[in-house]
Amino acid sequence: MAESLKHVILRMAEERGEGTFTPIEAAQELRPPRPEEVKGDEKWRGFVRQVRAEAKGLARQGRIDIMRRGDVVDPAKPIKGLIQLRKTPGSPAFDPDAD
């Protein structure tokens, strides 16, 4: 079975520890680019909005932080521009069987 979007984000956050990653990286993890795809028309691009939406939900739960220009942003407010994601310090470890 394919890994869910939520699991991809939580797993990547766990793997990066204190480091960050972008919604694009998560989308590419969910749907890796393929050699036959035309640059700029890759299928992973269609998942970026979904990653951002799922990240907002996980941020509201306190599982991840959404970073913009080095600061944590409020997931309840509109977020525009480039963002980074990271595991919220002190949040529980990702457990694929429990999450």
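The values are calculated or read from the model by the stated rules, or taken from the named source; none is laboratory data. Note that the coordinates shown come from a computational prediction; the quantities given were computed from them, not determined experimentally. We place every Cβ from the backbone using ideal geometry, glycine too, and count neighbours over all the protein chains shown.
Can you name the number of the only condition in (1) within 15 Å of residue 27 (Cβ to Cβ); (2) buried (at least 18 other Cβ atoms within 10 Å of the Cβ) that residue 87 fails?
Condition (1) is where residue 87 drops out.
If I ask for residues that are aromatic (Phe, Trp, Tyr) and in a helix (DSSP H, G or I), which ones from segment 40-99 would you list?
Within segment 40-99, 44, 47 qualify.
Looking at 11, 45, 63, 68 in this structure, which one is surrounded by fewer than 16 Cβ atoms within 10 Å (Cβ to Cβ), touching a helix residue (DSSP H, G or I) at 6+ places or on another chain (Cβ under 9 Å) and touching a residue at least 12 places away in the same chain (Cβ under 8 Å)?
45
Listed here are the residues, each with its yes/no results for (1) in a helix (DSSP H, G or I); (2) at positive phi; (3) of a type outside the set (D, E, K, R); (4) over 9 Å from the mean Cα position of the chain (by Cα).
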| site | (1), (2), (3), (4) |
| --- | --- |
| 9 | yes, no, yes, no |
| 25 | yes, no, no, no |
| 28 | yes, no, yes, yes |
| 32 | no, no, yes, yes |
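Tally the residues that are modelled with pLDDT under 90 and among the β-branched types (Val, Ile, Thr), restricting the search to segment 1-42.
Qualifying residue count for the region: 1.
Every residue in segment 71-84 that is surrounded by 12 or more Cβ atoms within 10 Å (Cβ to Cβ) and free of Cβ contacts under 8 Å to residues at least 24 places away in the same chain, please.
Passing the criteria: 72, 73, 75.
Which members of segment 16-41 meet the condition of being surrounded by 12 or more Cβ atoms within 10 Å (Cβ to Cβ) and free of Cβ contacts under 8 Å to residues at least 12 places away in the same chain?
Passing the criteria: 33, 37.
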